[in-house]
Amino acid sequence: MQNNTFSTLFVGQNLIKLSAVDSTNNYLKNLASNSEPLAEGTVIMADHQFAGRGQMNNEWIAEAGKNLTFSLLLRPNFLKVPEQFLLNIAVSVALNEVLLKYLPSGLSIKWPNDIYVENKKIGGILIENVIVGSNIKHSIIGIGLNINQSDFTGELKSKSVSLSQILQQDVNLMALLKEICTQIEQLYLKLRAGKYTNLKELYVSKLYRLNEVARYAANGKVFEGIIEGISNEGLLKIKPIDGETVEFGFKEVAFIN
Ligand code: BTN
């Protein structure tokens, strides 16, 4: 285990820093599947990912040395498979809470777990669960946050934003990682203690476009509707303005600008 100055119980206590790797999620997944037991809370962070992965097989592109790209190992074997969305909730609320200290306004969580500032993405989460029987054996929580990157290219230019672009100053990456590990641990321990009602309410209250009329696309059609919340399994509840509330799974609905 590497020593560091994190004042957490376990999240980030074993911190492995890499200068370059394909993807910290891949690296941690391989490490966790080796026979040697790996400590819960292990964090792999990289200055540069040359094949960073996002949700829905997208790439995660981040300028080397300027951003936070890391993966965390958790063993939430107290969660049944239908409850796995609670992990998304805990991690996205934790990121939101930490960023709130830097950005008091404009932050939200775009369902299921993108971190947004106004209409731009500042961070994303890729959670990969290993399921054995009806429980989650371990979970690889991959987090990418745009921190000190001063510009974005291609289609990211209009869609992404970094913390330093908003603050007009750079932020210390290790200090921020420490705050994030502390916050994730706190909320994870709450989950482990079964205290997740408030967490769920907090998550819903932070949802991007909550209670606003906006456009969505599903089943080949664009419609206007209002996000009302989430189901127990984490499905997104949208009420079309001219119909009954519908619950959508991850790939079933798109947000339209
Ligand atoms: C998304 O919004 O699509 C999720 C992005 C997750 C990116 C992070 S960066 C660290 C970890 N390693 C990866 O390859 N992906 C995640």
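Throughout, read-outs are computed from the coordinates displayed, never taken from laboratory work. Here the structure is a predicted model, which is why all the values come from computation and not from measurement. FYI the Cβ positions are ideal-geometry reconstructions off the backbone, even for glycines, and counts take in every protein chain you see.
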Fill in the blank from the handout: The relative contact order of the stretch 1-77, taking Cα pairs under 8 Å that sit 6 or more residues apart, comes to a percentage of 32 percent
Practice task
May I ask which residue of L79, L145, I89 lies farthest towards the positive end of the charge dipole of the stretch 72-171, with charges of +1 (Lys, Arg) and -1 (Asp, Glu) on Cβ and the Cα centre as origin?
Solution key: L79
Handout entry: Amide H contacts of I131 (H built 1.01 Å from N, under 5 Å, at least 5 apart or other chain)
Key = K137
Practice task
Only Cα pairs under 8 Å and at least 6 apart count here; give the relative contact order of the chain as a rounded whole percent.
Solution key: 16 percent
Completion exercise
With Rh as the Kirkwood radius over Cα pairs, the chain has Rg/Rh of 0.95
Problem - Base-10 log of normalised Debye intensity for the stretch 31-80 (one unit scatterer per alpha-carbon) at q = 0.19, 0.28 Å⁻¹ - result: -0.81, -1.05
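Report, in deg cm²/dmol and to the nearest 500, the calculated mean residue ellipticity at 222 nm for the chain, where each DSSP H run with n ≥ 4 adds -39500 (n - 2.57) and the sum is divided by the residue count. Could the numbers behind the result be given before it?
Values: 6 runs with 64 residues, N = 257.
Helix contribution divided over all residues of the chain: -7500 deg cm²/dmol.
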Exercise for the section: Using the Karplus curve 6.51 cos²θ - 1.76 cosθ + 1.60 with θ = phi - 60°, work out ³J(HN,Hα) for each residue of the stretch 71-79 in order, rounded to whole Hz, and write x for Gly and Pro. Expected result: 10, 10, 9, 10, 10, x, 6, 7, 9
Fill in the blank from the handout: Protection proxy (average C-beta count within 10 Å per residue), highest first, orders 76-87, 240-251 as 76-87, 240-251
Fill in the blank from the handout: Expected vector for the stretch 205-217, Karplus 3J(HN,Hα) from phi with 6.51, -1.76, 1.60 and θ = phi - 60°, integer Hz, x for Gly and Pro, equals 5, 9, 5, 4, 6, 4, 6, 10, 7, 8, 9, 9, 10
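For the stretch 187-256, what is the relative contact order in percent, using Cα pairs closer than 8 Å and at least 6 residues apart in sequence?
Numbers: 93 pairs, mean separation 16.4, N = 70.
Relative contact order here is 23 percent.
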Exercise for the section: Compute the FRET efficiency between K159 and L18 as 1/(1 + (r/R0)^6), taking r as their Cβ-Cβ distance and R0 = 22 Å, and round to the nearest 0.05. Expected result: 0.20
Practice task
Taking 7 Å along the Cα-to-C-beta vector as the label spot, tell me the N232-L100 distance in nanometres, rounded to one decimal.
Solution key: 2.7 nm
Fill in the blank from the handout: Straight-line reach check, K200, cutoff 21 Å on alpha carbons, 8 or more apart in-chain or any other chain, hits among lysines -> K80, K101, K110, K190, K237, K239
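Given the alpha-carbon gyration tensor of the stretch 13-108, what are the semi-axes of its equivalent ellipsoid in whole angstrom, ordered largest first, with each equal to the square root of 5 times an eigenvalue?
22, 21, 14
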Handout entry: Rotationally averaged projected area of the stretch 59-146 (alpha carbon convex hull; nm²)
Key = 6.3 nm²
Exercise for the section: Evaluate the Debye formula for the stretch 109-219 with equal point scatterers sitting on the alpha carbons, no solvent, and hand back log10 of I(q)/I(0) at q = 0.11, 0.12, 0.18, 0.19 Å⁻¹, in q order, two decimals. Expected result: -0.49, -0.58, -1.18, -1.26
Practice task
For the stretch 138-153, just list the computed ³J(HN,Hα) in residue order, Karplus coefficients 6.51, -1.76 and 1.60, θ = phi - 60°, integers in Hz, with x standing in for Gly and Pro.
Solution key: 8, 9, 9, 9, x, 10, x, 10, 7, 10, 10, 6, 8, 8, 10, 10
